[in-house]
Amino acid sequence: MSATIEIFLPDTLVKALGAEPGELPRKTLEALVAQAYRAGKFSHAQVGETLGLDRWQTDAFLKAAQAQRPSEREEFVDDLTNLRNMAKR
């Protein structure tokens, strides 16, 4: 299921975003996708599929959007600790 939405953006917001009016649908989609990822409602694969990106482009997009999940950092630290412990054995 997909949906079409129409929103009103004041000129001040458009100007603050630094976007041309024709870029706004894509920028809006990207913002919603990044937020869905942050909230844990979208996977990495879903981000890429929705935006038409490959794995590396998806990584770059999420980094640029500063879209990290709160648990990602903890998972990374845990994984790094486990790898270091395994290397000591």
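The table below gives the values:
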| quantity | calculated |
| --- | --- |
| Output for region 8-23, where each listed residue is under 22 Å from the mean Cα position of the chain (by Cα), exposed (fewer than 11 other Cβ atoms within 10 Å of the Cβ) and among the charged types (D, E, K, R) | E20 |
| Residue satisfying all of: in region 46-65; touching a helix residue (DSSP H, G or I) at 6+ places or on another chain (Cβ under 8 Å) and exposed (fewer than 12 other Cβ atoms within 10 Å of the Cβ); nearest to S2 (Cα to Cα) among these | D54 |
| Unique residue being farther than 28 Å from E75 by Cα and out of contact with any Asp or Glu (no Cβ under 7 Å at 6 or more places or on another chain) when the list is D11, D59 | D11 |
| Residue ranges of helices (runs of 4 or more DSSP H) in region 14-89 with at least 1 members in contact with a Ser or Thr (Cβ under 7 Å, 6 or more places away or on another chain) and modelled with pLDDT under 90 | none |
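The values are calculated or read from the model by the stated rules, or taken from the named source; none is laboratory data. Keep in mind it's a predicted model, so treat the numbers as computed, not measured. Reconstructed Cβ throughout: ideal geometry from the backbone, glycine too, with neighbour counts over all protein chains shown.
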